[in-house]
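Input: a single structure, listed below in structure tokens.
The values are calculated or read from the model by the stated rules, or taken from the named source; none is laboratory data. All values derive from a computational prediction rather than experimental measurement. Note that each Cβ is placed from the backbone with ideal geometry, even for glycine, and that neighbours are counted across all protein chains shown.
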Amino acid sequence: MNFFDMVFTGQNLALLGAVLAVMLAGIGSAKGVSMVGEAASGLLTEDPSKFGKVLILQALPGTQGIYGLITAFLIVFKIGLLGDPAALSVSQGVYFLMAALPIAIVGYFSAIKQAKVAASGVNLIAKRPDEVGKAITASALVETYAIFAVLISLLLVLFAKV
């Protein structure tokens, strides 16, 4: 058995999908939460009483990382890694890898885009503290696309034949 055949197994390809779901969505979320945190810190140096309002905005881009983690856990459970591992063909492994890509890719980009909207919301709260609902709503609208992506990833994994 050559190196290529040992590395590119169905099990390893499925695990690569799980890793990408966690890694890309997690990187996007970490970057997004930090972007909003920077904006929030600037506001809080001037008015610490607005902490609760900006904390919600800072937490919003973190959900994509959670979606990636849930997808990865589901893949790991589905392929039996924590119990009796399933013997996956390469095509089955590729299927799980492809199933993880919607949340991996959309999770990364939507977390960063959501952070930009949330950081703008922090600026809105700085000038008009009563408009926090509008700031949260605008940021939550970006979340819609991460929810669509995680739904597709989860449905593909749940209905996979192993």
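Scan the range 28-39 and tell me whether some residue there is of a type outside the set (A, V, I, L, M), in a helix (DSSP H, G or I), over 19 Å from Ala126 (Cβ atoms) and without any contact (Cβ under 8 Å) to a residue 60 or more places away in the chain. Break it down stepwise before answering.
So in the range 28-39, the residues of a type outside the set (A, V, I, L, M) come out as 28-29, 31-32, 34, 37-38.
The next check asks that each one be in a helix (DSSP H, G or I); those that pass are 28-29, 31-32, 34, 37-38.
Within this subset, residues satisfying the condition of being over 19 Å from Ala126 (Cβ atoms) are 28-29, 31-32.
Narrowing the set further to residues that are without any contact (Cβ under 8 Å) to a residue 60 or more places away in the chain leaves none.
For the range 28-39, residues of a type outside the set (A, V, I, L, M), in a helix (DSSP H, G or I), over 19 Å from Ala126 (Cβ atoms) and without any contact (Cβ under 8 Å) to a residue 60 or more places away in the chain: absent.
Across the range 149-162, what is the total count of residues that are in a helix (DSSP H, G or I) and either surrounded by fewer than 22 Cβ atoms within 10 Å (Cβ to Cβ) or at pLDDT below 95 (or both)? Don't jump to the end; show me each part of the working.
Step one: of the range 149-162, the residues in a helix (DSSP H, G or I) are 149-158.
From the residues that got through so far, the ones that are either surrounded by fewer than 22 Cβ atoms within 10 Å (Cβ to Cβ) or at pLDDT below 95 (or both) too are 151-152, 154-156, 158.
Total meeting the criteria: 6.
How many residues are assigned to a helix (DSSP H, G or I) and touching a residue at least 60 places away in the same chain (Cβ under 8 Å) when one looks only at the range 1-25?
The first filter runs over the range 1-25 and keeps only residues assigned to a helix (DSSP H, G or I), leaving 3-7, 10-25.
From what's left, touching a residue at least 60 places away in the same chain (Cβ under 8 Å): 10-18, 20-21, 23-25.
Within the range 1-25, residues that are assigned to a helix (DSSP H, G or I) and touching a residue at least 60 places away in the same chain (Cβ under 8 Å) number 14.
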Q) Among (1) within 26 Å of Val36 (Cβ to Cβ); (2) at pLDDT 95 or above, where does Val132 come up short? A) (2)
